[in-house]
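Chemist: Input: one structure, supplied below.
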Amino acid sequence: MRESVTTVVFTDGACLGNPGPGGWAWAVPGGRYEAGPEAHTTNQRMEIKAALEAVSALEGPLEVVSDSTYVVNCFRDRWWESWIARGWLTSAKKPVANRDLWEPLIAAVRRDPGRVRFRWVKGHSGDVSNDLVDRLAVEAARTQTGRAGVGTPSDLGPADDPTPATAAVTATAGVAGRGRDDPRLPPGHRVAVTGHRPPELGGYDDNPVAARVRQKLAEVVAAKRQLHPDLVVVTGLGLGAELLAAEAALDVDVPFVAVLPYPDPDGVWPAAARQRFRHVVDQAAATIVVQQKQPATKQLAGAALRRRDQWIARHAHEAIVVWDGDDPVIGRTVRALQDTLGEDEVWVIPPPTPPAG
């Protein structure tokens, strides 16, 4: 009796705004493909939805290939076992996000043990099939219509480009993308840096913890320049790790780009912090303002910061995050960057422990 042939299927999800209108897609190389829209969703939900639709539509042994570590690691590291054992709660005793999609996908995979396996692929790495599902998902998100067929459609737009090139940056801020080009960016290999704010780095004034973080960032940036002579640091210049990253880049003579959420984000900072910010931003190789309108409320300011972070992730090739491994907000940032750039392209630097006393 002949052994069943494994079908390889590529999956991807996209979202314009995260949350916002989204799309999912799957495709068998040289075979069937399908894509569909969601009116209001997130990128992670679309990644799960794409895998669920593929596993539900295709029979026999499957290898699901995704550029989402969120999807692949769930099965590679068997996260689902702990979720089910805890009654669909995380280790922090909070409900598992996106359970309504995870549960049927996990059930489908468990129904026939060994039938489905998952493999990660780096997004935007030249893989033709990954590029195809990327384009299908973006088209579905943009047009809010689905499509299905066999082979490769000839009328798809470019990957991760759901709006015309002349549209405002904020219109595409939530679309997954790795290393996208923007005419305002200097050429080169771009590494984004983010992480803890001053309270977790010894305080707002100069201190040994912040100095050590700056030194460590300078060492890592200098080492990366050995691999990428055209290295460019990209930072939002927020207080803490982001500002330290710009100073570290200056220390080792690597250009940096300041990506600001809106004009004069330092307006409410203390005078000393504002002076430091202005001194650094004046030395940037380029300064990009994602949103030209000043936010009127804290909520709008927070939304602008999220759009800035999404913009940076879309235009970076890799990232460095200063994280103690505990802060849940930065933990979500790490996972989001891993989903966008790939797990191997996100470097975590733990801050040193403050001296006793």
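The values are calculated or read from the model by the stated rules, or taken from the named source; none is laboratory data. Given the structure is predicted, the values throughout are model-derived calculations rather than measurements. Counting neighbours? That spans all protein chains shown, and the Cβs are built from the backbone with ideal geometry, glycine included.
Chemist: Name the residue that is nearest to P61 (Cα to Cα), counting only residues in region 96-115 that are among the β-branched types (V, I, T) and not in a loop (DSSP other than H, G, I, E, B).
Modeler: V109
Chemist: Taking the condition in a helix (DSSP H, G or I) and buried (at least 21 other Cβ atoms within 10 Å of the Cβ), does I84 pass? Please lay out each step first, then the result.
Modeler: Working: in a helix (DSSP H, G or I): yes; buried (at least 21 other Cβ atoms within 10 Å of the Cβ): no.
Taking the combined requirement at face value, the residue does not satisfy it.
Chemist: Name the residue that is surrounded by the fewest Cβ atoms within 10 Å (Cβ to Cβ), counting only residues in region 41-62 that are among the acidic types (D, E) and in a helix (DSSP H, G or I).
Modeler: Once the filter is applied, the top-ranked residue is E53.
Chemist: Still on this structure: Considering only residues of region 334-357 that are modelled with pLDDT of 90 or more and β-branched (V, I, T), which is surrounded by the fewest Cβ atoms within 10 Å (Cβ to Cβ)?
Modeler: Top of the filtered list is V348.
Chemist: Right, here's the next one. Go through region 309-323 and count every residue that is in a helix (DSSP H, G or I) and under 22 Å from A210 (Cβ atoms).
Modeler: Looking only at that region, the number is 2.
Chemist: Please tell me if P328 is touching a Leu at 6+ places or on another chain (Cβ under 9 Å), farther than 18 Å from V232 by Cβ, in contact (Cβ under 8 Å) with a residue 60 or more places away in the chain and not β-branched (V, I, T).
Modeler: Details: touching a Leu at 6+ places or on another chain (Cβ under 9 Å): no; farther than 18 Å from V232 by Cβ: yes; in contact (Cβ under 8 Å) with a residue 60 or more places away in the chain: yes; not β-branched (V, I, T): yes.
The answer is no for P328.
Chemist: Can you tell which of L58, L52 is closer than 24 Å to D100 by Cβ, assigned by TED's automatic domain parsing to the domain that holds T145 and either touching a strand residue (DSSP E or B) at 6+ places or on another chain (Cβ under 8 Å) or β-branched (V, I, T) (or both)? Let's see the steps before the verdict.
Modeler: On the way: L52 fails: either touching a strand residue (DSSP E or B) at 6+ places or on another chain (Cβ under 8 Å) or β-branched (V, I, T) (or both).
The unique qualifying residue is L58.
Chemist: Is it fair to say V268 is crowded, with 19+ Cβ neighbours inside 10 Å and either over 30 Å from G126 (Cα atoms) or in the same structural domain as T194 (by TED's automatic domain parsing) (or both)?
Modeler: Numbers: crowded, with 19+ Cβ neighbours inside 10 Å: no; either over 30 Å from G126 (Cα atoms) or in the same structural domain as T194 (by TED's automatic domain parsing) (or both): yes.
No: the conditions fail for V268.
Chemist: Now for a different question. Check region 327-337 and report whether any residue there is assigned by TED's automatic domain parsing to the domain that holds R212, closer than 29 Å to V72 by Cβ and basic (K, R).
Modeler: For region 327-337, residues assigned by TED's automatic domain parsing to the domain that holds R212, closer than 29 Å to V72 by Cβ and basic (K, R): present.
Chemist: Within region 238-245, identify whether any single residue is more than 18 Å from I330 (Cβ to Cβ) and among the hydrophobic types (A, V, I, L, M, F, W, C), and answer yes or no.
Modeler: No; the residues of region 238-245 include none that is more than 18 Å from I330 (Cβ to Cβ) and among the hydrophobic types (A, V, I, L, M, F, W, C).
Chemist: Let me ask you something else. Quick check on region 63-81: of everything there that is modelled with pLDDT of 90 or more and outside any helix (DSSP H, G or I), which residue is nearest to the chain's Cα centre (by Cα)?
Modeler: S66
Chemist: Hey, can you tell me all the residues within region 1-40 that are assigned to a strand (DSSP E or B), out of contact with any Ser or Thr (no Cβ under 8 Å at 6 or more places or on another chain) and under 20 Å from L337 (Cβ atoms)?
Modeler: Result: A14, single match.
Chemist: Take the residues of region 11-31 that are small (G, A, S) and surrounded by fewer than 21 Cβ atoms within 10 Å (Cβ to Cβ): which is nearest to the chain's Cα centre (by Cα)? Steps first, answer last, please.
Modeler: Keep residues of region 11-31 that are small (G, A, S), which gives 13-14, 17, 20, 22-23, 25, 27, 30-31.
Cutting the leftovers down to surrounded by fewer than 21 Cβ atoms within 10 Å (Cβ to Cβ) gives us 20, 30-31.
On the way: G20: 16, G30: 29, G31: 29 Å.
Among those residues, the one meeting the criterion is G20.
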